[in-house]
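The structure under discussion appears below in the form of structure tokens.
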Amino acid sequence: MKPLRPEDPRQIGSYLLRGRLGAGGMGEVYLGRSPGGRDVVVKLIRSEYAGEPKYRRRFAREVNAAQRVGGFHTAQVVEADPEADPPWMVTEYIPGPSLLELVRAEGPLSVDAVLALAAQLSEGLAAIHACGLVHRDLKPGNVVMADSGPRIIDFGIARAADASVLTEDGAVVGTYAFMSPEQVHARQVGPASDVFSLGGVLVFAATGHSPFAADTLAAIVYRIGAAEPELDGIGGELRGLLTACLAKNPEARPTATELLAWLGGSVPDRPFPSSTTVTEPGPGTTRVTTEDGGKAPGTIRRRFVIGGLAAVAAAVATGVPAAVIASQRDERRDPPAAAPASAAASFTGSLTGHGAVVSSVAFAPDGRSLASGGADGTILLWDTATGGKIRTFTGHTYPVVAMAFSGDGRTMTSGAEVVRVWDVATARQTRMISTQTRTGFDTPIGSMAVSPDGRTLATDGAEGHVLLWDLAGGKVTRTLPGGSAANAVAFGPRGGTLVGGGENIALWDVSTGGRVRTFGGLRGAATSIALSPDGRTLAAGGASSATLLWDVATGRRVRTLTGQGDSTGPIAISPDGRTLANTVGHEARGSEVIALWDLTTGEILRTLAGHTGAVTSVAFSPDGKALASASEDRTARLWRLT
């Protein structure tokens, strides 16, 4: 529990507030005390949302859902006033950590404990579904491990089982690592979706990670829809249970009632599948399960990651989709052609129109337009002065990892399942580079960058290598030795150097293919990389590491940016090299705040709040006066900084 802040209320109704328990995308949660001295949990809508009808309706649904299910399977509602200003709800206080906290602190549970948990959560889901509801956000953070048994909490996005909409006003619901295929693809969601999420929760309880864990949002979305779950180390009847819950086809999953009957020893209506081991077609690969339960003919790399969504999408004045680096040798080269004169982005607010998560953003070199790429493969082009949609680019079938404009702004290159080159004025595809040519497998792009002169493409390759391509001819010209998956790549400002990283971050000389130096100290794999425009400072962060800064010339670490919680998220550096943008927040919150850091002092200058889901990409405008962001909430946003 954290102390109350000056702006927090001290009393709601007849309940005194004692401290802060947490926050979510929509609400603030406090520990309170009833007039009779009992501990209670008090939940309020955040002040910035309290006046919005859609959030008030959602809060009222949460109250109604929690009241309908009852206190045996969730926290009992003590009192609520959805019509108050702000709306509030009081529930019983259930001592105990969440499953997320328990596993992180003490490690995975035993097989017997996971099977017991499966029975208890199945009973809870069966009760929820019997009320005609679908929870839609079952995850480890929403399971309280009480002494009396686990409780399912947070009905903020629960809806009637026959509701036809997955989202409300474009807001993505659920937490992606534990969402079902039908959720991530915006299809009809029913009780079977909760069973899929239950399978993910049980895998987390048994292993400490989700069955579709990956370094980035786009990789998670892809794996949920196309890849087998990671069940390494799980065998016997537990593996059979998890395999059934995680079937891609909702019709192939058992119901919560059938799970409960099987776990309780009775015979369900249909036989429970026996434990099987997935047959691997070759080292490092796993078969793709199609939505109808069949096997796709292609294969995917087991360690497939789509990384660096922000690093490769942050446009600088040259139109390169990442901040850049340079060595002394690189600086001596002739500078690239001057970009068109920059125009200030004057629109501020949300850009809505994507049918899925927005995975990347990139400014055109003149700043007059912004491209946003979606997890559904669609790219939208926006007018930064008005916020109006200019045109739509269709053709990709996987999440758009990155986009890069040519120096004159006439063409745009995008990476997803393949690399496509577009005529910006007509949205017509003019060129394509196949991933089959790239790796020998039909696998999506994990990271991508285009050189400042627009002639060379860099992508991640097999076995941790980075591939350099002649963009016009679509042929590989050089392979740069890696050693670990390159989750993010970026060219130097003159194109003579390239930086890339995953578990290792390296600087290469493009002309020779030699590795110049490496940068160490990051915990885990890098998921985002950005470099100052003068090439002197490298910034990188990962899912389990604070953002680190290095001196590029020496490889020496010069600063650690602390205070951003468990994940740094995407990273971008402003064109003047003075400000770094990343995110502060926690996966359990369901939303994040963008932080702007002073690179000289290491202090946060300001924060930008508005997205209702995790931020997936950030990019500064060419003049540095605006910031663009993308989020799981299906929106891109433009922020005026001056």
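Coordinate-derived values only; no laboratory data. Quick caveat: nothing in here was measured; it's all calculated off a predicted structure. Don't worry about glycine lacking a Cβ; one is built from the backbone with ideal geometry, like all the others, and counts go over all protein chains shown.
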So if R0 is 25 Å, what FRET efficiency would residue 232 and residue 110 give, r being the distance between their Cβ atoms, rounded to the nearest 0.05? 0.90
Entries in 2/139; 43/248; 54/139; 389/475 that, when Cα-Cα distance is taken, lie over 31 Å: 43/248; 389/475
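Quote to one decimal, in nm, the extra length available between residue 390 and residue 20 on full extension: 0.36 nm per residue of separation minus the C-alpha distance between them.
Details: separation 370, 0.36 × 370 = 133.20 nm, distance 4.42 nm.
So the chain would gain 128.8 nm between residue 390 and residue 20.
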May I ask you to derive the FRET efficiency for residue 4 and residue 470 from their Cβ-Cβ distance with R0 = 51 Å, giving the value to the nearest 0.05? 0.25
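Stretch residue 601-residue 553 to full length: gain in nm at 0.36 nm per residue minus the Cα-Cα span?
Details: separation 48, 0.36 × 48 = 17.28 nm, distance 2.03 nm.
15.3 nm is the gain from fully extending residue 601 to residue 553.
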What nm value, rounded to one decimal, do you get for the distance between residue 11 and residue 477 when each label is placed 7 Å out toward the C-beta? 7.3
Excluding residue 619 itself, calculate the net charge of residues whose Cβ lies under 14 Å from the Cβ of residue 619, where each Lys or Arg counts +1 and each Asp or Glu counts -1. +1
